[in-house]
Amino acid sequence: GYAKMKVKPDMALFTFTFEKTDTSEKRAIAKLSAAVETLERTLATVGFSSEYIKVADFDISSSEEYPKSRKTYTAKNSLQLELPANNRVIDAVYRNIQQSGISDLDIEFNSRISDTLEKKHRYLLVQQALKDAQANANNIAQELNISLGKIKQVQKGNLRFDVPKVEMIKFTQPEIEKLNDTIIRTSFGRFQLQEIELEERIILAYNIAN
């Protein structure tokens, strides 16, 4: 038996990556630190304090330019912000960053389904797949003119790749400040997040009664 459904993701994940370069390692780190502090202040205007922001990666590397043999240092830092998916809040994050004038920043956005929401829909999917498996078994038995006995084995196959789960801290919906109308709105202000498809497969093995 097989069942599938589309579910709107209820969690959003931002990954912010800064990269600063200088001939002085100390200055490269200082530039990076200043940029991160600006981002922290910017996110605070949307309602996210530092406790919501997690360090995903931090790296200091160096390289030499030839033929001058001048050493260059690159400081890189990736930060992550996970929050309940709310298009208005997501749009506000992008717009506030645009308004802040932060440079040398790459932003990656992803969405996912929370553990609670996925468990809820998995339960419904298993029920649907089980009914489908029973109906298929009865149809096959009717075609072969056999009687089915008791179910001797049930096998559940999860067709969706399971990713590591991330524990969320308690979230309080932030107050969105009024933004300058000249700031360009993102697509999050107009469209919904793409749904994620969940699937379940149930295999039933019956004893043959005759």
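The values are calculated or read from the model by the stated rules, or taken from the named source; none is laboratory data. Predicted, not measured: the structure shown is a model, and the values here were computed from it. Neighbour counts run over all protein chains shown; Cβ positions are idealised from the backbone, glycine included. Please note that ligands, DNA and RNA were not included when accessible areas were found on the heavy atoms of the full protein model with its side chains. Shrake-Rupley method; radii C 1.70, N 1.55, O 1.52, S 1.80 Å.
For region 69-117, what is the accessible area per residue in Å², given a 1.4 Å probe and the full set of protein chains? Could you put the intermediate results ahead of the total?
Values: 2190 Å² over 49 residues.
Normalised by residue count, the accessible surface of region 69-117 is 45 Å².
For an R0 of 25 angstrom, estimate the FRET efficiency from the Cβ-Cβ distance between residue 61 and residue 40 and round to the nearest 0.05.
Numbers: r = 24 Å, r/R0 = 0.94.
E between residue 61 and residue 40, to the nearest 0.05, is 0.60.
Once fully extended, how much extra length lies between residue 76 and residue 10, figured as 0.36 nm per residue of separation less the alpha-carbon to alpha-carbon distance? Mind dumping the intermediate values first?
Numbers: separation 66, 0.36 × 66 = 23.76 nm, distance 2.97 nm.
Gain on extension, residue 76 to residue 10, equals 20.8 nm.
Using 0.36 nm times the number of residues separating residue 208 and residue 51, minus their current alpha carbon distance, what extension gain do you get?
50.5 nm
Full extension from residue 120 to residue 150: what is 0.36 nm times the residue separation minus their Cα-Cα distance, to one decimal in nm?
Details: separation 30, 0.36 × 30 = 10.80 nm, distance 2.85 nm.
So the chain would gain 8.0 nm between residue 120 and residue 150.
Could you tell me what percent of the accessible area of region 1-115 is made up of carbon and sulfur, with a 1.4 Å probe and every protein chain present? The partial results should precede the final answer.
Working: 2690 of 5920 Å².
Carbon and sulfur together cover 46 percent of it.
Holding the Cα-Cα limit at 18 Å, pick out from 119/152; 4/150; 119/156; 26/54 the pairs that are longer than that.
Details: 119/152 26 Å; 4/150 26 Å; 119/156 15 Å; 26/54 23 Å.
Violating the 18 Å Cα-Cα cut-off are 119/152; 4/150; 26/54.
So for each of 127-134, 11-18, 98-105 I average, over its residues, the number of other beta carbons within 10 Å; can you give me the resulting order with the highest mean first? Could the numbers behind the result be given before it?
Numbers: 127-134: 16.8, 11-18: 19.1, 98-105: 13.4.
So the order, starting with the most tightly packed, is 11-18, 127-134, 98-105.
Report the calculated FRET efficiency for residue 199 and residue 17 (r = Cβ-Cβ distance, R0 = 25 Å), to the nearest 0.05.
In this case the efficiency is close to 0.15.
If you wrap a convex hull around the C-alpha atoms of region 93-135 and split its volume per residue, what is the figure in Å³?
Details: hull volume 4.2 nm³, N = 43.
About 98 Å³ per residue, rounded to a whole number.
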